[in-house]
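**Student:** Please find one structure pasted underneath; my questions will follow.
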Amino acid sequence: MDPETRDRLYALVEAERTDGNIEAEIALSWNFAEPSWLREAPLDERLTYLDCPHTPFRRVLASCRDLPEEAWHRLDNDPDLTVRRTAARRPDTPADVLEALVRTHGDVFHIRPLLVDHPNFPRHTLRTFVDETEPNVRYVALQDPELPAPDLWQLAAAAESFLRAGVARHPNVTDALLERLLSDADARVADDAAANSVLRVDRMYRILDAAGL
């Protein structure tokens, strides 16, 4: 396919996505629509796609591992979140890039923990995520197993039940906080608190007795 035809087709699909077409959204977001052949092209040719207006080409480029530093700088700051996420999977992703990406707001709840597990992620910054405004970003702080009790109390006071449940499962949670979470209005939070391995044995038996078990 010549570049002019390719650009015309992508422009049509992107126009459909702008109009709310779900099929167009899927076609442009999922990797089955990506030009995988680009990975096998010579480096000089691949680099010409840094300015490509079509996200799938930049996303494939970001999946390569032999790009020069300037190309990585461009991809790390790409306007599309999926391109930045793909670029972050390289082994030598800078710590500040990973931290900024994890703090990025958006529907990437399931992606953030994977980025935190990257060997270059600055784990000493995890507890600072407690003060973020976006709940999904605040949840990342729970990846720190030594998160201090005041921070756990702060997260446990959140309106979002998934945050309270995360605290209930945390290995550093205190007895007093667990006791509070055991009576949480959301049964899933209370169940997670009851299943925490730090729960005192005598309290666990009382819970079992109350349940008739």
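The values are calculated or read from the model by the stated rules, or taken from the named source; none is laboratory data. Just so you know, these numbers come straight off a predicted model, no measurement behind them. Here the Cβ is made from the backbone with ideal geometry for all residues, glycine too, and neighbour counts use every protein chain on show. Each accessible area value is taken on the protein alone, full model and side chains, heavy atoms only, with ligands, DNA and RNA left out. Shrake-Rupley method; radii C 1.70, N 1.55, O 1.52, S 1.80 Å.
**Student:** The conditions are (1) open to solvent by less than 20 Å² (accessible area, probe 1.4 Å); (2) modelled with pLDDT under 95; (3) farther than 30 Å from ASP80 by Cα, and ARG206 fails exactly one of them. Which is it?
**Tutor:** Only one criterion is unmet by ARG206, namely (1).
**Student:** Something else about it: Would it be correct to say that THR48 is at pLDDT below 85 and assigned to a helix (DSSP H, G or I)?
**Tutor:** No, not satisfied.
**Student:** Let me ask something else about it. Out of the residues in the range 55-110 meeting the condition of being part of a loop (DSSP other than H, G, I, E, B) and open to solvent by less than 20 Å² (accessible area, probe 1.4 Å), tell me which one is modelled with the lowest pLDDT.
**Tutor:** Applying the first criterion (part of a loop (DSSP other than H, G, I, E, B)) to the range 55-110 yields 63-68, 77-80, 88-94, 104-110.
Right, trim to open to solvent by less than 20 Å² (accessible area, probe 1.4 Å) and you get 64, 67, 78, 88, 90, 93, 108.
Working: CYS64: 96, LEU67: 97, ASP78: 96, ALA88: 93, ARG90: 95, THR93: 96, VAL108: 54.
Only one residue fits best here, namely VAL108.
**Student:** A further question on this structure: Which of the residues that make up the range 2-45 are among the charged types (D, E, K, R), modelled with pLDDT under 65 and outside any helix (DSSP H, G or I)? Don't jump to the end; show me each part of the working.
**Tutor:** Taking the range 2-45 and keeping what is among the charged types (D, E, K, R), we get 2, 4, 6-8, 14, 16-17, 19, 23, 25, 34, 39-40, 44-45.
Subset that is modelled with pLDDT under 65: 2, 6, 25.
Passing the criteria: only ASP2.
**Student:** Another question, if that's okay. Only one of ASN120, ASN136, ASN77 is farther than 25 Å from LEU43 by Cβ and of a type in the set (S, T, N, Q). Can you tell me which?
**Tutor:** ASN136
**Student:** Now a separate question. I'd like the residue in the range 111-121 that is part of a loop (DSSP other than H, G, I, E, B) and surrounded by 16 or more Cβ atoms within 10 Å (Cβ to Cβ) and, out of all such residues, is modelled with the lowest pLDDT.
**Tutor:** Applying the filter and picking the extreme gives ILE111.
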